[in-house]
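Read the figures in this text as sums done on the coordinates, not as results from a lab. The structure presented is a predicted model; accordingly, all values stated were derived computationally and were not measured. When we count neighbours, we look across all protein chains shown, and the Cβ atoms used for this are built from the backbone with ideal geometry, even at glycine.
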Amino acid sequence: MAAKESEAFGMRGLDFITSPPEDRLFPASGIPPRAAANAVRAEVVLDHDPDRNLATFVTTWMEPEAREVIMENLHRNYIDHAEYPQTAEVEKRCLRMIHNLFNGPGEPVAPGARCAGSSEAVMLGALAMKWRWRAAREKAGKDTTKPNLVYGKDAHVVWDKFCRYFDVEPRAIDLPEGKFVIGPDEVEGQVDENTIGVVAIVGTTFTGECDDVEGIAKFLDQYEEKEGHDVPMHIDGASGGFVFPFSSPDFAWDFRIERVKSINASGHKFGMTYPGLGWLIFRDDDQLPEDLVFYEDYLGQRDATFTLNFSTGSSMLLAQYFLFLRLGREGYTAMIGAMDKNAEVLRQKVRNAEFLEIAGSGEMLPLVIAKVTDDSPFTGADLVGELARRRAWVVPAYHLPPGNDSIEVMRILVKINQTRELVDKLASDIDDSIAHLTEHGPAPGPKRPHTGHGY
Ligand SMILES: *Cc1c(COP(=O)(O)O)cnc(C)c1O
């Protein structure tokens, strides 16, 4: 621009208001820090408001003290164990605490790994399964070229990614009609001597329900008795890992089941930190093949790493430790209990709404799965479009995986910042939207962009 406006204000910092932003060429010169910050803010203003993002499992609210811990430690690189040994110790403490929370046996020193999220945890956990399978096959003098992994199509995309990136045949099972999770009947016939493991999801992204961990484990016990192949289970507890220990302590989905050898959970979902933290937890020390661990002399100390990523921030790890101390079992139980209570209120309101019904059953995450009835004059996509138009609610509408792909559902997360006030407002906006759609039909023009279910 035009030096003129700038000169009128006696500063260059107004340029960003009157000129389009740089979006391709590396900027030739700089601008004052406030102007740069404002330019960045002007971009994110166009995003959805995280507080009204009912699509995400990931934490959108933390206490001021937690945010202080995060801000105070942004300059610490987590991987520098030699420089920040106490941060490394905090990682081990958190691993042991989660191992204890998941009813792990014995007293392993550091049973797992801190990761960037559940996705990295899944890659590492599945690699450990692949390595253990291969070692056993090599020992027995058997072929090691055709590993496969068994899971349902209710699994997160990360499992398909693992299989493609690390050369494993994906045995992704279709879900039976009218069922949104898998059990022993689905797994039967898929498992053989080349199966590196069976994955069960505890809290699926599609409906928040759980695969039948106990049933699948029993089937694998019988399978081992008959065929002599010991097939381990991995639990994808990305969401459920920090929900069910508190909401349903008697629900056995974890290391209480002997066959469960590893579990991933997202610290940044119901572990309640902001994004950037996942956990891989092993049943015991035997689950981690030694040759997946890299030892090196780095900055003067011998260090062991079992990660895909190297440098990353320490803040979220420290924030997780903050939360474990701050909340304890009692606090997490109260927080998850509050979410479940508000979810139940919303569920009841959705049940009472015209043309809506509830899907899903059994142990559930704190969320509501709604679907329009067969005689509805509008679709789920129409309804979420109307909700966005009314009060900028972000609710995803999507089709269920193969086997049930004709069913469209809406998923509404009820996290800790979804207070009763907001639940009531959302419910009345749902009613108003339905009344509007029934009378006037769906709004013309483009539908709002599809919001994925996978996070
Ligand atoms: C969110 C999720 C993942 C991926 O986890 P990130 O922490 O986002 O990497 C994997 N599996 C399930 C079941 C999930 O809900």
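Here are the numbers for this structure:
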| item | result |
| --- | --- |
| Kirkwood hydrodynamic radius over Cα pairs of the chain, then Stokes diffusion coefficient at 10 °C and 1.306 mPa s, in µm²/s | 66 |
| Segment 275-349: chymotrypsin sites (Phe, Trp or Tyr not before Pro) falling in loop per DSSP and having at most 16 other Cβ within 10 Å | F310 |
| Residue order, fewest to most beta carbons within 10 Å, for E408, E120, E43 | E43, E408, E120 |
| Segment 338-440: C-alpha gyration tensor shape, a/c 1.5 cut-off, then a/b vs b/c | oblate |
| Span-like helix ranges in the chain, DSSP H, alpha carbon extent 18 angstrom or more, Kyte mean at least -1.0 | 85-101, 118-139, 213-227, 315-352, 420-440 |
| Beta bridges by DSSP in the chain, antiparallel share as percent, to the nearest 5 | 60 |
| Modelled FRET efficiency - R0 25 Å, K425 with R351, Cβ distances, 0.05 increments | 0.90 |
| Rg over Rh [alpha-carbon atoms, Kirkwood Rh] for segment 66-197 | 1.06 |
| Distance violations [Cα-Cα > 31 Å] among K161/K415; K179/K226; K92/K341 | K92/K341 |
| Beta bridge orientation in segment 67-323: antiparallel %, DSSP, nearest 5 | 50 |
| Convex hull volume of segment 67-323 per residue (C-alpha atoms, cubic angstrom) | 128 |
| Taking N as its residue count, the alpha carbon Rg of segment 48-133 over 2.2 N^0.38 Å | 1.36 |
| Principal axis box of segment 19-77, alpha-carbon based, largest edge first, Å | 39, 31, 20 |
